[in-house]
Amino acid sequence: MSSRLGVRAKSRTEKQVQTKMKVAGFTIIRNAIKFDYPVVEAITSILPICDEFVVAVGNSDDDTLQLIKNINSPKIKIIETIWDDHLRQGGQVLAIETNKAFDAISKEVDWCFYIQSDECVHEKHLASIKDAMMKYKDDKQVDGLLFNYVHFYGSYNYVGNSRRWYRKEIRIIKNDKSIRSYKDAQGFRKTDHSKLNVKPISAEIYHYGWVKPPKAQQAKQEHFHKMWHDDEWMKKNIAQVEEFDYSQIDSLEEFKGAHPQVFQARVKAADWNFKFDSSQIKLSIKDKFLLFIEKTTGWKVGEYKNYKVV
């Protein structure tokens, strides 16, 4: 009898070890206050399912470092970095900074949840995200998890619905340092440049990068594009105006859902006006046809996919 009890106890212990999982969040940020990045909301939206969270805070012209410290969570680990402002091709400085944050994650972590400073996860998805991580934690064929995207534009009331917006991207990866941030840090690849094997999940990333007060959006555009282009390009392509013109958009639709709880204060505080109606849609006949195919079949013709679904 005692030997059977010992076997059962051992079995329960082995099962507990197998089901343990450690998750780390990570992000990068610089000049969050100056350019109105909702980085606190981004971090706190996924903090409940993270055991630790690495924030790489770049050299800033404002109190971004203190802003992150004010989150006041024992989970958060801050590393201070210096951005190379001479890198002005392809947004590569963003990938370099992202890799710094990724490399600072503890070795015992299983999954790493990357969230950009203008993204947010609705609390309704947290349980299913954690379930998916547990499901594929020990599956060596799976490198990451693929999220759906909702892109807000102009205000918190509208989302992009044309072909210009990317539909999916990797935001959770295994803690494998052969995985690297790719190009301008939108996604990831292996060090041999091969695409990651991913499993799609039903959770969404809410992207708020195109929702800021017009003055803050214009300031961001004037600064942000310097990571891709030289001064001559900037002079030709970035208007020298006080406020960003949100009217230059091809197509939007009204957002019918609810914003994450951590974003409610921002939504209520929005004090600029932007409205869009169907008469403002600017789509070519070709784009309308391709969009029709996408909506009726789910197939986006010519879609760029920086991943392999397995």
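The values are calculated or read from the model by the stated rules, or taken from the named source; none is laboratory data. Since this is a predicted model, take the numbers as computed values, not measurements. Because the Cβ atoms are built from the backbone with ideal geometry, glycine has one as well, and the counts that use them run over all protein chains shown.
Observations, loosely collected:
- Restricting the first member to region 142-161 and to residues that are of a type in the set (D, E, K, R), and the second to residues that are surrounded by fewer than 18 Cβ atoms within 10 Å (Cβ to Cβ), the beta-carbon pairs closer than 6 Å and six or more apart or on different chains are ASP143/ASN197.
- Contacts under 9 angstrom Cβ, first residue in region 289-310 being in contact (Cβ under 8 Å) with a residue 12 or more places away in the chain, partner of a type in the set (Gly, Ala, Ser), 6 or more apart: LEU290/GLY302; LEU291/SER162; LEU291/SER251; ASN306/GLY187; TYR307/GLY144; TYR307/GLY187; LYS308/SER194
- When the criteria are applied in full, CYS120 meets the requirement of being farther than 20 Å from THR191 by Cα and buried (at least 16 other Cβ atoms within 10 Å of the Cβ).
- THR81 of a type in the set (Val, Ile, Thr), in contact (Cβ under 8 Å) with a residue 24 or more places away in the chain, surrounded by 14 or more Cβ atoms within 10 Å (Cβ to Cβ) and within 24 Å of TYR182 (Cα to Cα): yes
- Reported count of residues in region 51-85, each being under 25 Å from LYS226 (Cβ atoms), outside any loop (DSSP other than H, G, I, E, B) and charged (D, E, K, R), is 1.
- Looking only at residues of region 280-310 that are under 17 Å from TYR153 (Cα atoms) and not hydrophobic (A, V, I, L, M, F, W, C), we find that the one that is surrounded by the most Cβ atoms within 10 Å (Cβ to Cβ) is GLN280.
- The criterion of being among the hydroxyl-bearing types (Ser, Thr, Tyr) and touching a Ser or Thr at 6+ places or on another chain (Cβ under 6 Å) holds for SER251.
- Only residues that are more than 19 Å from PHE26 (Cα to Cα) and among the charged types (D, E, K, R) were counted across region 117-164, and they come to 8.
Table: residues versus (1) touching a Pro at 6+ places or on another chain (Cβ under 6 Å); (2) among the basic types (Lys, Arg); (3) assigned to a strand (DSSP E or B); (4) within 17 Å of SER194 (Cα to Cα).
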site	(1), (2), (3), (4)
MET133	no, no, no, no
ASP138	no, no, no, no
ASN148	no, no, yes, no
HIS151	no, no, yes, no
VAL159	no, no, yes, no
SER162	no, no, no, no
TYR166	no, no, no, no
ILE170	no, no, yes, yes
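- Subset of region 19-50 that is assigned to a helix (DSSP H, G or I) and of a type in the set (Ser, Thr, Tyr) - its residue that is farthest from ASP118 (Cα to Cα): THR19
- Filter result for LYS177 (in contact (Cβ under 8 Å) with a residue 12 or more places away in the chain, over 26 Å from PRO214 (Cβ atoms) and in a helix (DSSP H, G or I)): no
- For region 86-110, a residue qualifies if it is at pLDDT 95 or above, basic (Lys, Arg) and either within 22 Å of HIS229 (Cα to Cα) or in contact with a Ser or Thr (Cβ under 8 Å, 6 or more places away or on another chain) (or both), and exactly one does: LYS100.
- Pairs where the first residue, in region 188-214, is in contact (Cβ under 8 Å) with a residue 12 or more places away in the chain and the second is of a type in the set (Asp, Glu) and surrounded by fewer than 20 Cβ atoms within 10 Å (Cβ to Cβ), C-beta under 7 Å, 6+ apart: LYS212/ASP36; PRO213/ASP36; PRO214/GLU243
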